[in-house]
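For reference, the structure is listed below as structure tokens.
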């Protein structure tokens with residue numbers, strides 16, 4: 001099967017290490033482009049990955065929260081489940097930067 005993304009090579013079957021939030025969930029069968037490295041997991045494999053993520057406690061971490069105020073600045077409350085998974089601590093240094101019109105990224109230093 002030809003790569004749908006770059007169209008320059010065929011996809012080949014490989015075992016690929018799947019990492020989510022810096023945690024390896026294991027190696028899984030995938031179709032990988034030899035040129036652009038686009039990686040495709042078939043449905044049954046995606047279900048295996050989902051099961052491993054649930055087992056590791058990192059499935060479905062996205063949460064809604066609110067922007068508050070702290071003096072003349074705004075603050076964002078980080079939900080406890082994310083605090084626990086990332087082992088965040090009060091006073092920990094981070095870098096916050098916009099990555100799009102409606103998106104920010106926070107990187108732990």
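Just so it is clear, none of the values below were taken in a lab; they were calculated from the coordinates. These figures come from a predicted structure and were not determined experimentally.
Please build a GNM for the chain, connecting alpha carbons under 10 Å apart, and tell me which residue among 87, 14, 64 fluctuates the most. Among 87, 14, 64, the largest GNM mean-square fluctuation belongs to 64. Note on Rg and Dmax of the Cα atoms in Å: of the candidates (1) 14.2, 45; (2) 13.1, 38; (3) 18.6, 57, the value calculated from this structure sits at (3). Take every Cα pair under 8 Å whose residues are at least 6 apart in sequence, average their separation, divide by the length of the chain, and the relative contact order is 13 percent.
When a/c is below 1.5 the answer is rounded, else prolate if a/b is larger than b/c, else oblate, so apply that to segment 67-108 with a ≥ b ≥ c taken from the square roots of the Cα gyration tensor eigenvalues. Oblate, since a/c reaches 1.5 and b/c is not below a/b.
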